[in-house]
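Chemist: Below you'll find the structure I mean.
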Amino acid sequence: MELVVTQIRSAIGTKPKQRGTLRALGLGRVGKQNRLPDRPEIRGMIQRVPHLVRVEEADR
């Protein structure tokens, strides 16, 4: 199972740790998407920035 993570809000005005988390998820601009494996580490990163991203489950 994979997750499709989309950045829906700008990182301007957020804390540096949150911007780093977005970069670690492979995001950086509003509207950018990345497919990531559904693992606890990835879920934890998403929980740090739920107000900036949208998550959908995608089958391969």
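The values are calculated or read from the model by the stated rules, or taken from the named source; none is laboratory data. Everything numeric here is computed off the predicted structure, so don't read it as measured data. Glycine also receives a Cβ, built like all others from the backbone with ideal geometry; neighbour counts cover every protein chain displayed.
Chemist: Determine whether Lys32 is of a type outside the set (S, T, N, Q) and within 18 Å of Glu56 (Cα to Cα). Walk me through how you get there before you give the answer.
Modeler: Numbers: of a type outside the set (S, T, N, Q): yes; within 18 Å of Glu56 (Cα to Cα): yes.
So Lys32 passes the test.
Chemist: Further, regarding this structure: Six or more apart or on different chains, Cβ under 7 Å: which pairs go from a residue in the range 37-60 that's closer than 12 Å to Thr21 by Cβ and modelled with pLDDT of 95 or more to one that's of a type in the set (Ser, Thr, Tyr) and part of a strand (DSSP E or B)? Could you list them?
Modeler: Val53/Thr6
Chemist: State yes or no: is Gly31 surrounded by 13 or more Cβ atoms within 10 Å (Cβ to Cβ), modelled with pLDDT of 95 or more and among the small types (Gly, Ala, Ser)? Write out each step before concluding.
Modeler: Numbers: surrounded by 13 or more Cβ atoms within 10 Å (Cβ to Cβ): no; modelled with pLDDT of 95 or more: yes; among the small types (Gly, Ala, Ser): yes.
Spelling it out, it is not the case that Gly31 is surrounded by 13 or more Cβ atoms within 10 Å (Cβ to Cβ), modelled with pLDDT of 95 or more and among the small types (Gly, Ala, Ser).
Chemist: Report, by residue number, each residue of the range 7-35 that is under 14 Å from Met45 (Cβ atoms), within 9 Å of the chain's Cα centre (by Cα) and touching a residue at least 24 places away in the same chain (Cβ under 8 Å).
Modeler: Gln7, Thr21, Leu22, Leu25, Leu27, Asn34
Chemist: Select, from Asp59, Asp38, the only residue that is surrounded by 12 or more Cβ atoms within 10 Å (Cβ to Cβ) and over 11 Å from the mean Cα position of the chain (by Cα). Full working, then the answer.
Modeler: Numbers: Asp59 fails: surrounded by 12 or more Cβ atoms within 10 Å (Cβ to Cβ).
Selected residue: Asp38, the only one of Asp59, Asp38 that is surrounded by 12 or more Cβ atoms within 10 Å (Cβ to Cβ) and over 11 Å from the mean Cα position of the chain (by Cα).
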